[in-house]
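In what follows, a single structure is set out as structure tokens and then discussed.
The values are calculated or read from the model by the stated rules, or taken from the named source; none is laboratory data. Note that this is a predicted model, so its numbers are computed, not measured. Because the Cβ atoms are built from the backbone with ideal geometry, glycine has one as well, and the counts that use them run over all protein chains shown.
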Amino acid sequence: MTREGEDRRAFLRAGAALAAAPLAGAALASPAAAQESTANLAASEVQAWATNDTSGTFAPQMIKRRAAGPKDVVIEIMYASICHSDIHTAHGDWGMPTFPLVPGHEMVGRVVGVGSEVIKFREGDYAGVGCMVDSCGECANCLADREQNCLNGTTFTYNSEDKVSGGVTYGGYSKKVVVTEDFALRIPPGVDLAGFAPLLCAGITTFSPINHWDLKPGERFGVIGMGGLGHMAVKLAVAKGAEVVVFTTTEEKIADAKAFGAKEAYLWTDEEAMKKNMGSFDLMVSTVPVAYPMQPFLNLLKLDKTLVNVGALFPIEGAQGMPMGFGRQSLAGSMIGGIAETQAVIDFAAHHGIAASYELITPDQITEAFVKVVNKEARYRYVIDMTKA
């Protein structure tokens, strides 16, 4: 695939430069290593953790991974985190998925094989895979680095039509993934690999609206809901120099929000706090994964400002035309981000020392973790240690 535009060219040049840089241990040291490298490019069956019904009960299951093509990279997955989208999909909230279902679109691992035409990676590099693994590469949106909005159909990382191998795609709750280099992200050495996995969805989902609506230092930024997405929104906006305020339904998270750098944090049932904050925000992001009345938060916006919904994917509740009209306020939506922008949030996080706050679990704890996420017990991402599989 080829994409035009300076951003895309700069992105590929950076990848080529990284691939050309020396990397300790990346060179093949022996004929045995060369043989292993070749074997890693072959089609294989790998261990995964799958659910076969909407109960969300996971068990080990073997899945097939395709042979690596000339532009493919083979990644041995080390860490994969649990997104609320995984739970919605597994439970059939967005329509019945194809079973067996192997979720996971926040994964980081080590490159163990590269196709003959790959320029961004070499063996031994760290790489990540996010919410999508392919797009047409030719439509207006793809050429604008908006692959997530591909007009000919984005291939998502799991439960999506696999246009290369047939069947459906399988995600990161597995030992290995094969993906075209255009959809693999460079993970800098020396970072907390487990803490970087959630950047591949939670990070980019909250970073993209911060970028698009051009949040500036000193501006007042509201975060509604502080779970997996919300806590990343706080950390990223604080690093941007914004004045961050959190609204949560969980009292224990107020102290956490301030520890992450928020200037203020409130229960959204606090009527006095809501009154005090009327008309004070330059930008707000709602990360709550279910519908709720949004007008009380729209009322907190300044004139001409925007509340961006990145959480609830069902019909929006409670927005009212009259007050929105008087304040000329906008209610907008946003969904993940393109590959170049996802690389940007990874690089931004590395530069500012940001990573997700997480609890490391083993694959046999996935079922239990799903329940805890639904019960709001996660603090703030469950990350599966695939090296313990």
Exactly one condition in (1) modelled with pLDDT of 95 or more; (2) of a type in the set (A, V, I, L, M, F, W, C); (3) assigned to a helix (DSSP H, G or I) is not met by A34; state its number. (1)
Can you say whether G128 is in contact with a strand residue (DSSP E or B) (Cβ under 9 Å, 6 or more places away or on another chain), modelled with pLDDT of 95 or more and part of a loop (DSSP other than H, G, I, E, B), as far as the supplied structure shows? no
What number of residues within the stretch 274-292 satisfy the criterion of being of a type outside the set (V, I, T) and surrounded by fewer than 16 Cβ atoms within 10 Å (Cβ to Cβ)? 6
Provide a single number: the residues in the stretch 41-63 that are under 21 Å from M96 (Cα atoms) and of a type in the set (A, V, I, L, M). 4
Result of the Cβ filter at 6 Å on the stretch 340-367, keeping first residues that are closer than 27 Å to I87 by Cβ and partners that are part of a strand (DSSP E or B) and among the aromatic types (F, W, Y), at least 6 apart or interchain, is E359/Y382; I361/Y382; P363/W49; I366/W49
Where in the stretch 200-306 are the helices (runs of 4 or more DSSP H), entirely inside, with at least 2 residues that are free of Cβ contacts under 8 Å to residues at least 24 places away in the same chain and more than 25 Å from G321 (Cβ to Cβ)? 253-259, 271-276
Give me the residue from the stretch 171-191 that is part of a loop (DSSP other than H, G, I, E, B) and over 16 Å from the mean Cα position of the chain (by Cα) and, out of that set, surrounded by the fewest Cβ atoms within 10 Å (Cβ to Cβ). G190
Among (1) of a type in the set (S, T, Y); (2) buried (at least 19 other Cβ atoms within 10 Å of the Cβ); (3) closer than 30 Å to C142 by Cβ, where does Y382 come up short? (3)
Yes or no: I354 on the phi > 0 side of the Ramachandran plot, assigned to a loop (DSSP other than H, G, I, E, B) and surrounded by 18 or more Cβ atoms within 10 Å (Cβ to Cβ)? no
Residues to consider are D53, D72, D93; find the one that is acidic (D, E) and touching a residue at least 60 places away in the same chain (Cβ under 8 Å). D72
Within the stretch 315-334, is there a residue that is among the acidic types (D, E), in contact (Cβ under 8 Å) with a residue 40 or more places away in the chain and over 30 Å from D182 (Cα atoms)? no
So, R110, is that one more than 18 Å from A202 (Cβ to Cβ), of a type in the set (K, R) and assigned to a strand (DSSP E or B) or not? yes
Just to be sure I understand the filter: pairs with C-beta atoms under 9 Å, separated by 6 or more residues or on different chains, first member in the stretch 144-161 and on the phi > 0 side of the Ramachandran plot, second member of a type in the set (D, E) and surrounded by fewer than 19 Cβ atoms within 10 Å (Cβ to Cβ). Which pairs pass? D145/D7; G153/E161
Which of the residues belonging to the stretch 358-389 are under 14 Å from the mean Cα position of the chain (by Cα) and assigned to a loop (DSSP other than H, G, I, E, B)? Y380
